[in-house]
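The values are calculated or read from the model by the stated rules, or taken from the named source; none is laboratory data. Computed from a prediction, not measured in an experiment: that's the story for all the values here. Reconstructed Cβ throughout: ideal geometry from the backbone, glycine too, with neighbour counts over all protein chains shown. In case anyone asks, the SASA skips ligands and DNA or RNA and just uses the protein heavy atoms, side chains included. Shrake-Rupley method; radii C 1.70, N 1.55, O 1.52, S 1.80 Å.
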Amino acid sequence: MNTPSWLKDAVFYNIYPQSYYDTNGDGIGDLNGITEKLSYVQEMGFNAIWLNPFYDSPFRDAGYDVTDFYKVAPRYGTNEDFRRLCSEAKKRGIRVVIDLVAGHTSLECEWFQKSARPEKNEYTNRYIWTDSVWKKDGSKYISGYSDRDGCYQINFFYCQPSLNYGFYAPNPEKPWQLPTDHPDCIETKYELWRIMEFWIELGADGFRVDMASSVIKNDENSKGCIQFWQEFREKFDNKYPECVLISEWSYPEHAIEAGFHIDFLIHFNLAAYTSLFRYEKATNVNEAWLGNSYFRKEGNGDFQAFFKEYVDQYEKTKGKGYISIPSGNHDIPRLSFRRDDADMKAALAFVLTMPGIPFVYYGDEIAMRFQPDLPSKEGGYYRTGARTPMQWQSGKNFGFSKSNTPYLPVDPDFNTPTVENQQKDERSVLHFVKRLIALRHRHTALQADAAFTLCSENYPLIFERADEIENVVVAINPSDRTYSIDYDGADILLSENAYVESEKATLGSRGILIYRKQMNIAP
Ligand code: GLC
Ligand code: CA
């Protein structure tokens, strides 16, 4: 098995295209806008970006409902703009990873429109349909859409019909459940491969696969999905060894076995992620921040709630693939919600020094705020508040767009952080993130593969990262208490509200200290 060589030092930036930068004044961010901002991305130290979907779509789920997988949505530009974005990124050493909505399409997709016809055609089995409009087979089936006598299965919203890659264990009493080796299911898989090749040829460096564990139905402990993706990994190893496969699975043990190079540890399947940054038991956004997540200045969280699950997943995947703990994404409230800048620095210091691959969600590098009260936009619901326009500078729409009706309203508070005001302030979150990323690039012991050892129980958090060259200690105090810890360093790499005096170090409120313990080889 092959791992793209650039991953060991990759630091990703997740860009939501519609909200990043609008170059033609229609109020919606576009691909040319991302190209224009690549110098900013590079200056920050990011060497890879993940773009949320930009395919043609009716946008009932913000583009996760694709009409044409081979075409950039006109509101974002053209395929040629994408090619240019990739080549400009390449010049700056930035890899471009795109979203692959592998499991479903929009209702408007031509394949679905043909599949919905009553007469048999080449797309009849492209989606999963029961054999009678009166047979729903569970809540994920929609009836009465067209004259085809059957109900179609969905993956997410009603408008996202599931593509048919087959059932792991088809039920013989339900003949419409096709096995994964049925020629029509294999044809769906080939189509997915063609889509991937198409974008790689245009310049993409890999894919973040949406709902990766949903492709095979009636699956038994993900066995079918694991087999399915292993085939893609093999193709990648042979044909595109420098391209990356990233999964939205949130179960690294399975995702890495399936052949993904990286899996996100996020808000579902495991409780680890929410216990760090969000409240474990929350079922909605209003509860989500009232609890005891670890990175809060109240300091009443439980690191072990994260660590138990994390270390298990880490041990099982070490040397085979990477776990990513993102700062956030377009599906969850922003990290800054009910956190001040000092809290943000503590959380981001963690995200950027852990093993695996760090991902920073656009705007988190300036502690952009979550907007909890926005009306839903394009199927966003509470997620809408985490998708507002990037704040570049003072003035109209904070520099996002010249339009009077931007895609989403910008933060109404004129004191809100912008790139411009944070660039001027050495103590800003932006400068802190930039320093951390630079540190990670400089020290292999802080990168993806270096060893990880936890050295503390709960507060403060102390862990060691080490490789053959050096041992680096990361000490983070997410609470507003003060701690005194032992110091056995050779030199300090970064300190934030922390002081060293001979063999002791003081971590003040949200204090952070990163130091080199020893060199393992003569310098
Ligand atoms: C993933 C995406 C989310 C989308 C869903 C359906 O979870 O991140 O935004 O709504 O899949 O495609
Ligand atoms: Ca635009």
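Under the classification rounded if a/c is under 1.5, otherwise prolate if a/b is larger than b/c and oblate if not, where does segment 329-410 fall, given a ≥ b ≥ c as square roots of the Cα gyration tensor eigenvalues?
prolate
Among the listed pairs LYS345/LYS424; LYS90/LYS424; LYS71/LYS396; LYS114/LYS174; LYS316/LYS345, which have their C-alpha atoms separated by more than 25 angstrom in this model?
LYS90/LYS424; LYS71/LYS396; LYS316/LYS345
Antiparallel as a % of all DSSP beta bridges within the chain, to the nearest 5?
60 percent
Can you run the Rg to Rh ratio on segment 97-187? Use alpha carbon positions and the Kirkwood inverse-distance Rh.
So for segment 97-187, dividing Rg by the Kirkwood Rh gives 0.94.
Quick query: amide H of VAL11 versus all other amide H atoms, modeled in the peptide plane; which residues come in under 5 Å with a sequence gap of 5 or more or a different chain?
Under 5 Å from the amide H of VAL11: ASN47, ALA48.
Obtain the nm distance between the two label points defined at ASN218 and PHE157 by a simple spin-label model: each point lies 7 Å from its Cα along the Cα-to-C-beta direction.
Those two pseudo-labels are separated by 3.0 nm.
With both partners inside segment 41-152, how many of the DSSP beta bridges are antiparallel, as a percent to the nearest 5?
In segment 41-152, approximately 50 percent of DSSP beta bridges are antiparallel ones.
Jot down the radius of gyration and Dmax of segment 206-284, Cα atoms only, both in angstrom.
In Å, with Rg to one decimal and Dmax whole: 13.7, 44.
Residue-wise, which Karplus ³J(HN,Hα) couplings in Hz belong to segment 244-253, taking 6.51 cos²θ - 1.76 cosθ + 1.60, θ = phi - 60°, and x for glycine or proline?
Karplus values, whole Hz, x for Gly and Pro: 10, 10, 10, 10, 8, 10, 6, 8, x, 3.
Using modelled backbone amide H atoms (1.01 Å from N, in-plane), which distant-in-sequence or interchain residues come within less than 5 Å of HIS104's amide H?
HN-HN under 5 Å from HIS104: LEU163.
Based only on the alpha carbon positions, what is the Kirkwood hydrodynamic radius of the chain, in angstrom?
For the chain, inverting the mean 1/r across all distinct Cα pairs yields 24.0 Å.
Could you do me a favour and compute the accessible area per residue for segment 128-256, 1.4 Å probe, result in Å²?
Value returned for segment 128-256: 41 Å² of accessible area per residue.
What shape does segment 1-137 take by its C-alpha gyration tensor, where a ≥ b ≥ c are the square roots of the eigenvalues and a/c under 1.5 counts as rounded, a/b above b/c as prolate, and the rest as oblate?
It is prolate, given that a/c is not under 1.5 and a/b is the larger ratio.
When the Karplus curve 6.51 cos²θ - 1.76 cosθ + 1.60 is applied with θ = phi - 60°, which whole-Hz ³J(HN,Hα) does each residue of segment 328-335 get, with x for Gly and Pro?
Each residue of segment 328-335 in turn: x, 7, 6, 9, 10, x, 4, 3 Hz.
Relative contact order for the chain using alpha-carbon pairs under 8 Å, separation at least 6, rounded to a whole percent?
13 percent
Can you give me the angle between helix 223-239 and the longest principal axis of the chain, using Cα atoms only, in degrees from 0 to 90, rounded to the nearest 10?
Computed tilt is about 80 degrees.
Which percent of the accessible area of segment 107-159 is formed by carbon and sulfur heavy atoms (probe 1.4 angstrom)?
Carbon and sulfur atoms account for 51 percent of the accessible area of segment 107-159.
Sticking with the crude label model, points 7 Å out along Cα→Cβ, report the distance from TRP134 to ASN171 in nm, one decimal please.
So the two model labels end up 1.8 nm from each other.
Could you give each residue of segment 49-61 its phi-based ³J(HN,Hα) in whole Hz, using Karplus coefficients 6.51, -1.76, 1.60 with θ = phi - 60°, and x for Gly or Pro?
Values per residue, Gly and Pro as x: 10, 10, 9, 5, x, 10, 6, 4, 6, x, 6, 8, 9 Hz.
Carbon and sulfur together cover what percent of the accessible area of segment 305-456 at a 1.4 Å probe radius?
Answer for segment 305-456 is 52 percent, counting heavy atoms of protein chains only.
Rounded, prolate or oblate for segment 379-438? Axes are the square roots of the Cα gyration tensor eigenvalues, ordered a ≥ b ≥ c, and the cut-off for rounded is a/c under 1.5.
Note, shape of segment 379-438 comes out oblate.
Report the full-extension gain for the segment ASN421 to ASP331: residue separation times 0.36 nm, less the Cα-Cα distance, to one decimal in nm.
Taking ASN421 through ASP331 to full extension adds about 29.7 nm, to one decimal.
Just the accessible area for GLU257, please: 1.4 Å probe, Å², rounded to the nearest 10?
100 Å²
Measuring from centroid to centroid over Cα atoms, what is the spacing of segment 415-445 and segment 1-55 in Å?
Measuring centre to centre over Cα atoms gives 17 Å.
Would you mind checking which residues have amide H under 5 Å from ASN292's amide H? H placed 1.01 Å from N; only 5 or more apart, or other chain.
Under 5 Å from the amide H of ASN292: GLU280.
Going by alpha carbons, how many degrees (0 to 90, nearest 10) lie between the helix axis of 183-202 and the longest principal axis of the chain?
Result, in degrees: 50.
Restricting the count to DSSP beta bridges whose residues both fall in segment 345-487, what percent are antiparallel, rounded to a multiple of 5?
100 percent
Can you give me the angle between helix 79-91 and the longest principal axis of the chain, using Cα atoms only, in degrees from 0 to 90, rounded to the nearest 10?
Around 30 degrees separate the two axes.
TYR40 versus GLU503, label points 7 Å from Cα toward the beta carbon: distance in nm?
Simple spin-label model gives 4.9 nm for this pair.
Could you quote the convex hull projected area for segment 163-266, Cα atoms only and averaged over all directions, in nm²?
If I average the Cα hull's projected area over directions, I get 6.6 nm².
How much length is gained on full extension from ILE469 to GLU201, taking 0.36 nm per residue of separation minus their Cα-Cα distance?
Additional length available on full extension: 92.7 nm.
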